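Report on the structure given below.
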Amino acid sequence: MSSSNTRLGTVLLSLTLISWIGGYECLVNSKCNLEGKWKNELGSIMTLSPLDKNGFFTGTYHTTVTANSNLVTKESPLMGNLNVFTADTQQRVFGFLVNWTFSNSVTSFVGQCFVQKDGTERLQTTWLLRGSAATEEDNWSQTRVGTNVFTRLN
Ligand code: BTN
């Protein structure tokens, strides 16, 4: 390989690294990167881990309400993914799944983070709560749908 080819290779590699690191910095430092503690209008609290470079995150969810009144709630794990397609670091969309550790159900949330004029962030979400049907005939009855709005606690 000629020395000009080697130089071109080095430049291209450096540019790739700089853009990769720059993108990751934006994801970590920007508003709406999701990491932290959030509370919704029902009083449920979720805590989200730092995101990796592809927007993947994990966390825990403590719900104040349940579909059946005899359930005793326990903090439950969640995993999700923030969309990082555009360079626009605000107003990103995301999805996450909570796997309830005290009931035979899971909830998937999809939503978008919005930055208010005063700089505060709000997560507008829509969820599907899937319970377990005793028989396939009862399958139709086990999906609830709703919305939640989360604001940051820290
Ligand atoms: C269950 O009842 O089987 C598990 C708990 C479900 C809690 C739901 S998920 C959607 C809504 N938002 C909350 O914060 N809690 C309820």
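The mean of 1/r over all pairs of different alpha-carbon atoms in segment 81-126, once inverted, gives a Kirkwood hydrodynamic radius of 12.1 Å. The packing ranking of peptides 80-91, 56-67, highest mean first, is 56-67, 80-91, where packing means the average number of other beta carbon atoms within 10 angstrom of each residue. In terms of overall dimensions, the C-alpha atoms belonging to segment 21-154 reach 51, 27, 22 Å along their principal axes, ordered largest to smallest.
Taken together, the values in this text are just the output of simple stated rules run on the coordinates, not laboratory data. Because the structure is a prediction, the values reported are computed rather than measured. In this analysis, Cβ positions are derived from the backbone assuming ideal geometry, glycine residues included, and neighbour counts consider all displayed protein chains.
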